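Worksheet: the structure to be examined is printed underneath.
Values in this text are rule-based calculations from the coordinates and carry no lab data. The structure presented is a predicted model; accordingly, all values stated were derived computationally and were not measured. Virtual Cβ from ideal backbone geometry, glycine too; neighbours counted across all protein chains shown.
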Amino acid sequence: MVKKTASTTSLKKGLTKGDLAGLVYDLHGGLTKNEAVEVVDTILGTVKTSLLEGRKVKIQNFGVFEVTRREGRRGVSPVSGESIYIPSHKGLSFRPAKKLQSAVEDTKSEES
């Protein structure tokens, strides 16, 4: 029997939280499915809480998530074409680690 891993799972449709829990369950022999879901929920909940508290989340060889402040600015309505004011707001940004970025770029060049 072949265990499913990220490389053997079809990721064309995307990866869901359930898929992540399934991978944790498959790759870790001592967890039940409910415990695997709890592990994924705990990790994602911790990331969310940290961001809401204004802290950066750095994951080695993956990247950095952080909340950024976007200043107010003038923009153009795509519907009417008229000038509008876009108020300042918070945004979420992700900066991939160099290893992840190069891996993605290598994958793009293989698909060409």
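Do any residues in region 72-83 that are touching a residue at least 12 places away in the same chain (Cβ under 8 Å) have Cβ atoms under 7 Å from those of residues that are among the small types (G, A, S), where the two are at least six apart or on different chains, and which pairs are they?
G72/S88; R74/S83
Please determine whether any residue of region 53-62 is without any contact (Cβ under 8 Å) to a residue 60 or more places away in the chain, farther than 23 Å from K17 by Cα and not hydrophobic (A, V, I, L, M, F, W, C).
yes
So, of the residues in region 56-75 that are of a type in the set (V, I, T) and surrounded by 11 or more Cβ atoms within 10 Å (Cβ to Cβ), which turns out to be farthest from L44 (Cα to Cα)?
Among those that are of a type in the set (V, I, T) and surrounded by 11 or more Cβ atoms within 10 Å (Cβ to Cβ), it is V67.
Only one of (1) in contact with a Lys or Arg (Cβ under 8 Å, 6 or more places away or on another chain); (2) among the aliphatic types (A, V, I, L, M); (3) surrounded by fewer than 10 Cβ atoms within 10 Å (Cβ to Cβ) fails for V79. Which number is that?
(1)
Is it true that K58 is under 23 Å from V24 (Cβ atoms) and not acidic (D, E)?
So K58 fits the description; yes.
Yes or no, residue by residue, for (1) out of contact with any Gly (no Cβ under 9 Å at 6 or more places or on another chain); (2) part of a loop (DSSP other than H, G, I, E, B); (3) under 24 Å from L100 (Cβ atoms):
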position: G29; (1), (2), (3): yes, yes, no
position: E35; (1), (2), (3): yes, no, no
position: V40; (1), (2), (3): no, no, yes
position: G45; (1), (2), (3): yes, no, yes
position: K48; (1), (2), (3): yes, no, yes
position: L51; (1), (2), (3): yes, no, yes
position: R55; (1), (2), (3): yes, yes, yes
position: F65; (1), (2), (3): yes, no, yes
position: S80; (1), (2), (3): yes, yes, no
